[in-house]
Each structure stands twice: as structure tokens, then as C-alpha cells.
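Chemist: Take this structure, written in C-alpha cells, and hold onto it; I'll ask about it next.
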Amino acid sequence: MRGPGLAFTIILLLGGLFSPSAGGAQQATKVARIGYLSINLAAAPPNQHEAFRQGLRDLGYVEGRDIVIEYRDAGGKVERLPALAAELVALKVDVIMAGSAPHAMAAKRATRTIPIVFISAGDRVADGLVTSLARPGGNVTGLSSLTPERIGKCLELLTQAVPGVSRVAVLWQPGAVGDRTEKDTLKGAEVAARALGVRLQLVEARAPADIDRAFSDMTKARAGALAVWTTAMFASERGRLVALAAKNRLPAVYTLSEFVDAGGLMAYGHSQADLNRRAATYVDKILKGAKPADLPVEQPTKFDLVINLKTAKVLGLTIPPSVLARADHVVEK
């Protein structure tokens, strides 16, 4: 075949060779790898992890097509976090999602280059995770979920819900947040207790094995109510904590609404699921080229008071109308 016919055939062949759909010539879309570092994925409220995945889906990501999530779970053992963070670094993930302060610190020690997104309680500037909230610097940013002042607000609401209580136990986990945050929070609790005219009993639980002993200490000291300073470990043990509070007939306030979902009396705080969903926006921005150093750390602007009237009834407690009127959500059944 010669002439125009041959030329046309050659053009078609060359066009097919260099077209985007030609086999071997198409450039595959890069699949991003997200490292997900967890202290205890199985025990965490399922809506938290799912909220993160839903947040990614809402932004157009499809697992297996656009992203792959590499999970590393410490099984409740904080001491395993550094090794698991190192595994994610060795995999050369594009970004690491780190739940709380221990997760983020372990990840930061493992890498100074891979971006890290945290959802963490406390003063992350004082603890050295970021340089400032407005400009984090380095490779770490995220959402700060708990301020030292909130434990004081929880104590205030608890004493209003349980009129006449004179001794309140505060369950806390030493070392779960940075030293500065821990010191400020404990000081804030003591100042609030004095202002409210109640005696404070600080009760430690460093690990799940300490929880039964902690409740025994509360009852021996005749605590009349309980405030739980929520950490990742306590969140994982929320069902057990709520059951022990009920068994010992201790009206309790928590800083996460998930405890009320598990049967707790009341909670004052943010939605952890919402923070996980918002964390997906950080991951999205980083995958699109943003630097963690330039992404300001977000803090919750809205805190909800949730009250479980069913639990109050079991405890023989009548929540004053003035407290109920302030509730954003009331569980009645």
C-alpha cells in the first residue's frame, strides 16, 4: 500500500503507540500510603477509625485505588509504639496518622521528614511536638483535643449534677500526656476543687491492670463522685470504667461522649469521631503538597454536655433542671 493510504495507516499506528491508553505507555496514578499508628485499634470506639476513613472518602479517596492504609497496632502496649513507628518509616509511607501524644512522639522520634498528623490532648508546644499552634514547624501538625482547663469545667458540672458531694476522685494516667500538660491539668483540677468547696482525691492508673485497684482506693476513701481525665488507654477501657463506676455507685463525668454511649452518666467534651474526620483533611492537604510546618494546629471550638438519664435513674440520682437545661444531648432510653 502506497500513497495517502500508507501515510494514513502510519499516522494511526503512531497515534495508537503514543496515546495515553496504549499499553505500557499509560502513567499509573500513584497510590498514596498512609501509616496508621494505633495503641489499641480493636478496643477503640469503632466510629473513630471509621470517621477517619469516611473523611477520606468524602474527599474523593478510594482505598485500594488512591490510598492504602498501613495499620500498626500496639495492642494496648505503649512501649511497642516506637518499634511500630519505625516500621512505618521503613515502609516509606507518605504520611503517618498518630492518635494521641505517645503515638505522635514515637513517630516524631522515628522520622523528621515524613509528615505526621496527630489528634492529641494537651499543650503540644510545651511538649515539643510543634513550635507553635499557628506555625507548627517541622513535620508534625494536627488537632489538639484537650486543654488543662476542661477538667475544671467537668468538676463544676459534676458537682452541680450531684448536689452535696464533698469528695471527688479524679482518675488519671501518669505519663499519658506531656509533663507540662500533666502538671497544668492537675493544678487546674485542684484550683477548681477549692473553688467548688470539694476535696479532691487523685487516683493513678498507669495501665489497665491498675484500674481495679484504683476503684478500690476510691471507695476506701469514700469518694462521692468521679471525674475521668480521658487518655487513649482509658478510652480503650471505657466499657470497664463505666461498669466499675456503676458497680461502686459513683456518678462519673468523662471528657468524651463515647463514655456516655457506653453507659456513663455524663460527658463534657468534643466528639472524637469528628476530630478523626477532620484529621482526614490534614492528610488530604499533605498528600496534595502542603507542608505540616505551614498547617496550623486546630483546637475544638465547641464542647457538648451529654447526660444519660437512664444511668442517673439506676444510680438513684435526679439531675437538677438547671443542669439538664444546659445539656446538648440527653439519653433517655
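Chemist: Give the order of Ser145, Ser322 when sorted by the count of other beta carbons within 10 angstrom, beginning with the fewest. List each step's numbers first, then the result.
Modeler: Numbers: Ser145 23, Ser322 9.
Ordered from fewest to most neighbouring Cβ atoms within 10 Å, Ser145, Ser322 come out as Ser322, Ser145.
Chemist: List the relative contact order of the chain as a percent without decimals, with contacts defined as Cα pairs under 8 Å and 6+ residues apart. Before the final figure, lay out the partial values.
Modeler: On the way: 633 pairs, mean separation 61.6, N = 333.
In percent, rounded to a whole number, it is 18.
Chemist: Radius of gyration and Dmax for region 108-204's Cα atoms, expressed in Å?
Modeler: Cα-based Rg and Dmax for region 108-204 come out at 16.3, 54 Å.
Chemist: Would you calculate a helix-derived [θ] at 222 nm for the chain, using -39,500 (n - 2.57) for each DSSP H run of n ≥ 4 and dividing by the full residue count, to the nearest 500?
Modeler: Result for the chain, helices only: -12000 deg cm²/dmol.
Chemist: Further, regarding this structure: With a cut-off of at most 15 other beta carbons within 10 Å, and DSSP calling the residue loop, which trypsin sites (Lys or Arg not before Pro) in region 183-221 qualify? Please list them. Don't skip to the end; give the middle numbers.
Modeler: On the way: sites: Lys183, Lys187, Arg194, Arg199, Arg206, Arg213, Lys220; in loops: Arg206.
Answer in residue order: Arg206.
Chemist: Taking percent of Cα pairs over 28 Å apart straight from the coordinates, which label in [x] 47; [y] 52; [z] 38 is the correct one?
Modeler: Here the calculated entry is [x].
Chemist: Can you pick out the pairs among Lys220/Lys302; Lys30/Lys77; Lys77/Lys302; Lys77/Lys187; Lys247/Lys302 whose Cα atoms lie more than 30 Å from each other?
Modeler: Numbers: Lys220/Lys302 37 Å; Lys30/Lys77 34 Å; Lys77/Lys302 32 Å; Lys77/Lys187 28 Å; Lys247/Lys302 32 Å.
From the list (Lys220/Lys302; Lys30/Lys77; Lys77/Lys302; Lys77/Lys187; Lys247/Lys302), the Cα-Cα distance tops 30 Å for Lys220/Lys302; Lys30/Lys77; Lys77/Lys302; Lys247/Lys302.
Chemist: If neighbour count is taken as other Cβ atoms inside 10 Å, put Ile286, Ile34, Ile96 in order from fewest to most. Don't skip to the answer; put the middle values down first.
Modeler: Numbers: Ile286 22, Ile34 25, Ile96 30.
Least crowded to most crowded, the residues run Ile286, Ile34, Ile96.
Chemist: Then there is this: Any idea what angle helix 179-196 forms with the longest principal axis of the chain, computed on alpha-carbon atoms, 0 to 90 degrees, nearest 10?
Modeler: 40 degrees
Chemist: Follow-up question, since we're still on this one. Enter the angle in degrees (range 0 to 90, nearest 10) between the Cα long axis of helix 149-161 and the first principal axis of the Cα atoms of the chain, meaning the one along which they spread out most.
Modeler: The two axes meet at around 50 degrees.
Chemist: Using +1 on the beta carbon of Lys and Arg, -1 on that of Asp and Glu, and nothing else charged, what's the dipole of the chain about the Cα centre, debye to 20?
Modeler: Numbers: 41 positive and 31 negative charges, 19 e Å.
It works out to roughly 100 debye.
Chemist: OK, next. How many angstrom lie between the C-alpha centres of region 138-182 and region 291-310?
Modeler: Centre-to-centre (Cα) distance: 14 Å.
Chemist: In degrees, nearest 10, range 0 to 90: what is the angle between the Cα axis of helix 4-18 and the longest Cα principal axis of the chain?
Modeler: That works out to roughly 20 degrees.
Chemist: Next up: Note down the net charge around Ala51, summing +1 for each Lys or Arg and -1 for each Asp or Glu among other residues with Cβ under 11 Å from its Cβ. Could you put the intermediate results ahead of the total?
Modeler: On the way: positive: Arg53, Arg57, Arg277, Arg278; negative: Glu50, Asp58, Asp274.
Neighbourhood net charge equals +1.
Chemist: Just grab the label-to-label distance for Lys77 and Leu196, each label 7 Å out from Cα along the Cβ direction, in nm (one decimal).
Modeler: Result: 3.8 nm between the two label points.
Chemist: Count the net charge of all other residues whose Cβ sits under 13 Å from the Cβ of Val117, scoring Lys and Arg as +1 and Asp and Glu as -1.
Modeler: Working: positive: Lys108, Arg124, Arg277, Arg278, Lys285, Lys291; negative: Asp94, Asp284, Glu298.
Once positives and negatives cancel, what remains is +3.
Chemist: Using r as the Cβ-Cβ distance of Arg167 and Glu50, and R0 as 45 Å, what FRET efficiency do you calculate, to the nearest 0.05? Let's see the in-between values first.
Modeler: Numbers: r = 39 Å, r/R0 = 0.87.
Once the sixth-power term is evaluated, E becomes 0.70.
Taken together, the values in this text are just the output of simple stated rules run on the coordinates, not laboratory data. Everything quoted here is computed from the prediction, not taken from an experiment. Glycine also receives a Cβ, built like all others from the backbone with ideal geometry; neighbour counts cover every protein chain displayed.
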